[in-house]
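*Asks:* The structure that follows is given in the form of structure tokens.
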Amino acid sequence: MGAEAARLAIQDAGLTPMDIDLIIVSTEVPDYLSPSMACLIQREINAERAAAIDVNAACTGFVYAMTVAQQFIQTGYYRHVLIVANEGLSRIVDWEDRSTCVLFGDAAGAVVMGRVDKRFGIRKSYLAAFGNLGHNLTIPCCYIPEEERQKRRAGKERVIWQDGGEVFTFAVKAMAESVRAVIDKANITIDEVDLIVPHQANLRIISSAAKRLEIDEGKLSVILHETGNISSASIPVALDMESKSGRLKEGDTVVLVAFGGGLTCGSILLTWGK
């Protein structure tokens with residue numbers, strides 16, 4: 001999935017894989033711990049010149065990856081950075097746990113970032129982590145403490161588990177506060193934002209965050225009914241869909257906002273342009 005999304009993004013950018021200097025993959029369900037998913041995608045698309053790293057901020061991963069890429073581009077270290085959010089969540093659900101398995105889907109989305117005209121691109125970003133709340137959403141890997149075993153069925157220790165109520169409470173607050181944080185940094189008002197593209201976790205979370213922000217839900221991109229929760233892939237997939245539909249127009253002020261395991265959250269304010 002990730003390689004196909006990468007090819008489409010590179011083609012859409014009018015580039016070739018050899019133009020890519022760095023590949024950043026956001027994933028919480030990699031094929032291997034090593035080699036990284038980014039190295040696997042580099043091989044698949046023949047991006048031989050590219051360095052490659054994975055980041056894992058769960059569903060906030062795409063926002064984190066974009067902010068990392070921005071630093072490389074602004075310093076001049078790299079010219080073109082490919083970001084791939086690649087999430088196969090069906091791998092890590094217990095199909096008998098109806099509190100999780102009905103929520104998640106599989107998808108990949110990708111973007112190419114590079115230096116742009118000063119009228120466009122990222123204006124401000126905001127990242128946060130709350131490790132003290134991390135126990136509310138877990139996917140064990142090489143180490144499984146006893147308290148994590150007790151949350152799961154025998155033989156299903158390496159599946160996703162969440163405290164739905166705690167995650168919901170955090171998500172609504174984190175989404176609203178992340179949007180406010182990034183627009184405050186930019187010294188603009190919420191009325192000046194044309195579109196908010198949130199992580200597509202749950203319609204109730206999105207609606208509740210909209211109420212906290214005192215905005216009409218029509219200002220939000222919602223693709224959840226088509227995709228389910230596709231973790232960090234939800235924002236790039238939504239951007240692709242909104243761009244192709246014509247809803248996203250050159251010069252639009254857009255906020256990307258997400259929350260996820262860790263627990264983490266973050267947002268990016270940008271002026272849309274390709």
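*Asks:* Working carefully through the options 116, 102, 159, 111, find the one that is modelled with pLDDT of 95 or more and among the β-branched types (Val, Ile, Thr). Talk me through it step by step, then tell me what you get.
*Replies:* Details: 116 fails: modelled with pLDDT of 95 or more; 102 fails: modelled with pLDDT of 95 or more; 159 fails: modelled with pLDDT of 95 or more.
Among 116, 102, 159, 111, only 111 is modelled with pLDDT of 95 or more and among the β-branched types (Val, Ile, Thr).
*Asks:* Take region 109-146 and flag every residue that is aromatic (Phe, Trp, Tyr) and open to solvent by 70 Å² or more (accessible area, probe 1.4 Å).
*Replies:* Within region 109-146, the first condition is being aromatic (Phe, Trp, Tyr), and the residues that meet it are 120, 126, 130, 143.
Across region 109-146, the qualifying residues are 130, 143.
*Asks:* When you look at residue 165, is it modelled with pLDDT of 90 or more and either at positive phi or surrounded by 17 or more Cβ atoms within 10 Å (Cβ to Cβ) (or both), yes or no? Quick ask: steps written out before the conclusion?
*Replies:* On the way: modelled with pLDDT of 90 or more: yes; either at positive phi or surrounded by 17 or more Cβ atoms within 10 Å (Cβ to Cβ) (or both): no.
No; evaluated as a whole, the condition is false for this residue.
*Asks:* With open to solvent by 80 Å² or more (accessible area, probe 1.4 Å) and in contact (Cβ under 8 Å) with a residue 24 or more places away in the chain as the only criterion, which of 149, 153 stands out?
*Replies:* On the way: 149 fails: in contact (Cβ under 8 Å) with a residue 24 or more places away in the chain.
From the options 149, 153, the qualifying one is 153.
*Asks:* If a residue has to be touching a helix residue (DSSP H, G or I) at 6+ places or on another chain (Cβ under 7 Å), in a helix (DSSP H, G or I) and under 23 Å from residue 116 (Cα atoms) to count, how many in region 1-44 make the cut?
*Replies:* 4
*Asks:* Among the listed residues 57, 51, 5, 9, which satisfies the condition of being crowded, with 18+ Cβ neighbours inside 10 Å and either more than 17 Å from the chain's Cα centre (by Cα) or within 30 Å of residue 131 (Cα to Cα) (or both)? First the steps, then the outcome.
*Replies:* Values: 51 fails: crowded, with 18+ Cβ neighbours inside 10 Å; 5 fails: either more than 17 Å from the chain's Cα centre (by Cα) or within 30 Å of residue 131 (Cα to Cα) (or both); 9 fails: either more than 17 Å from the chain's Cα centre (by Cα) or within 30 Å of residue 131 (Cα to Cα) (or both).
On inspection, the qualifying residue turns out to be 57.
*Asks:* State all residues of region 214-231 that are in contact with an Asp or Glu (Cβ under 6 Å, 6 or more places away or on another chain) and either of a type outside the set (A, V, I, L, M) or under 21 Å from residue 177 (Cα atoms) (or both); if no residue qualifies, say none.
*Replies:* Looking only at region 214-231, we keep the residues that are in contact with an Asp or Glu (Cβ under 6 Å, 6 or more places away or on another chain), and these are 221, 230-231.
Once the filter is applied, which keeps residues that are in contact with an Asp or Glu (Cβ under 6 Å, 6 or more places away or on another chain) and either of a type outside the set (A, V, I, L, M) or under 21 Å from residue 177 (Cα atoms) (or both), region 214-231 yields 221, 231.
*Asks:* Now, a different point. Just checking, which of 179, 197, 222 is aliphatic (A, V, I, L, M), open to solvent by 20 Å² or more (accessible area, probe 1.4 Å) and modelled with pLDDT of 90 or more?
*Replies:* Details: 179 fails: open to solvent by 20 Å² or more (accessible area, probe 1.4 Å); 197 fails: open to solvent by 20 Å² or more (accessible area, probe 1.4 Å).
It is 222.
*Asks:* A further question follows. Kindly indicate whether any position in region 62-76 is open to solvent by 20 Å² or more (accessible area, probe 1.4 Å) and more than 28 Å from residue 130 (Cα to Cα).
*Replies:* yes
*Asks:* Can you find a residue that is assigned to a helix (DSSP H, G or I), more than 21 Å from residue 255 (Cα to Cα) and open to solvent by less than 10 Å² (accessible area, probe 1.4 Å) anywhere in region 91-106?
*Replies:* Filtering region 91-106 down to residues assigned to a helix (DSSP H, G or I) leaves 91-92.
Still in the running and more than 21 Å from residue 255 (Cα to Cα): 91-92.
Filter once more, so that each one left must be open to solvent by less than 10 Å² (accessible area, probe 1.4 Å): none.
Within region 91-106, none of the residues are assigned to a helix (DSSP H, G or I), more than 21 Å from residue 255 (Cα to Cα) and open to solvent by less than 10 Å² (accessible area, probe 1.4 Å).
The values are calculated or read from the model by the stated rules, or taken from the named source; none is laboratory data. These numbers come from a predicted model, not from an experiment. Because the Cβ atoms are built from the backbone with ideal geometry, glycine has one as well, and the counts that use them run over all protein chains shown. Calculation scope for accessible area: heavy atoms of the full protein, side chains included, ligands and nucleic acids excluded. Shrake-Rupley method; radii C 1.70, N 1.55, O 1.52, S 1.80 Å.
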